[in-house]
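The values are calculated or read from the model by the stated rules, or taken from the named source; none is laboratory data. Note that this is a predicted model, so its numbers are computed, not measured. Methodologically, a virtual Cβ is constructed for each residue, glycine included, from the backbone with ideal geometry; neighbour enumeration extends over all protein chains shown.
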Amino acid sequence: MDRLKDKVVIVTGSTSGIGIGIAKLCAKEAAQVVVTGRNVERGQKVVDEIVAEGGNAWFHAFDLTDKESMHALITDVAEKYGRIDVLINNAAGMGMKDGRVDEISLEEFNAVVATDLGGTFNMIKEVLPFLLRNEKGGSIINIGSMASAGGDLGTIAYACAKSGVDKLTEYVACMYGPSGVRCNCVRPGLIVTPQNEKRIPDALKEIFHSNILGKRYGNPEDIGHLCVYLASDESDYMNGQVLTCDGGLNSHTPTVAQFRMMSGRTW
């Protein structure tokens, strides 16, 4: 359980949901984890839980909509630990207004893109100097979304922002890979967390469940395990990749669920 031993790992948005799962699994692999978020009480709770399980963690307040907050996070972590090895860009502005083209204004669209894409860009910009000074470089892991895998009926700003994160990942890998900095993206499918389980309608769960190739929904640990791999030296040859972790949800034609119910085939 020491795949991340001596690595300093920042996980943005790690006071709830997927972020907690990522932070806890990184800590179990002996990383020094920096838990971040806007809610100090929830952040300290995550830190206390990690420490109680034998891990090492520290909380730092963080707001993806505040450029000064991003700068403070990176500089304070570098000052405290003397290095940064991994940045996991998990935070997103899911609470911002979004919808169809006719439902949101250009200003609302731009606000989502500025937070979810612009915030990810700025975090990478802030951390790059510290990763580049490491002998072995470092790893940036962007948390994308299956929203960028195809068209849907809503949340157009979020989908466009996350599509931009996919491309940002590839460009950062191309630009800084030769200097030892890797950048990969993980696109989660439907991840059921203690925070969102009651908010997801049963009808929506059933639609997803019928299309997932396994027999369950995803959980934060599914994403966490992949992030641990991408943060570790085991993935040294992985760079510029957009990896979808969705139980096979987006790997098939849209009629598979219906044909499976009929015990039939498309031919």
Worksheet item: So Ala203 fits all but one of (1) assigned to a helix (DSSP H, G or I); (2) touching a helix residue (DSSP H, G or I) at 6+ places or on another chain (Cβ under 9 Å); (3) not acidic (Asp, Glu); what number is the exception?
Response: (2)
Worksheet item: In the list Arg83, Arg133, which residue meets the criterion of being touching a strand residue (DSSP E or B) at 6+ places or on another chain (Cβ under 6 Å), modelled with pLDDT of 95 or more and more than 30 Å from Leu204 (Cα to Cα)?
Response: Arg83
Item to complete: Working only within segment 1-37, note down all residues that are in contact with a helix residue (DSSP H, G or I) (Cβ under 9 Å, 6 or more places away or on another chain), without any contact (Cβ under 8 Å) to a residue 60 or more places away in the chain and basic (Lys, Arg).
Response: Lys28
Item to complete: Return the residue satisfying two criteria in turn: it lies in segment 17-51 and is touching an Asp or Glu at 6+ places or on another chain (Cβ under 6 Å) and in a loop (DSSP other than H, G, I, E, B), and of such residues it is modelled with the highest pLDDT.
Response: Ala30
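Identify all residues within segment 122-180 that are among the charged types (D, E, K, R) and in a helix (DSSP H, G or I); write none if there are none. Break it down into steps so the answer makes sense when it comes.
Start the filter on segment 122-180 by keeping residues that are among the charged types (D, E, K, R), which leaves 125-126, 133, 135-136, 152, 162, 166-167, 170.
Hits for segment 122-180 are Lys125, Glu126, Lys162, Asp166, Lys167, Glu170.
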Worksheet entry | Those residues of segment 130-164 which are among the hydrophobic types (A, V, I, L, M, F, W, C) and crowded, with 24+ Cβ neighbours inside 10 Å, in sequence order | Leu131, Ile140, Ile141, Ile143, Ala157, Ala161
Worksheet item: Exactly one of (1) of a type in the set (A, V, I, L, M); (2) free of Cβ contacts under 8 Å to residues at least 12 places away in the same chain; (3) under 18 Å from Gly93 (Cα atoms) is unmet by Ile191. Its number?
Response: (2)
Fill in: Subset of segment 165-174 (residues that are of a type outside the set (Phe, Trp, Tyr), closer than 15 Å to Thr120 by Cβ and either without any contact (Cβ under 8 Å) to a residue 24 or more places away in the chain or exposed (fewer than 14 other Cβ atoms within 10 Å of the Cβ) (or both))
Lys167
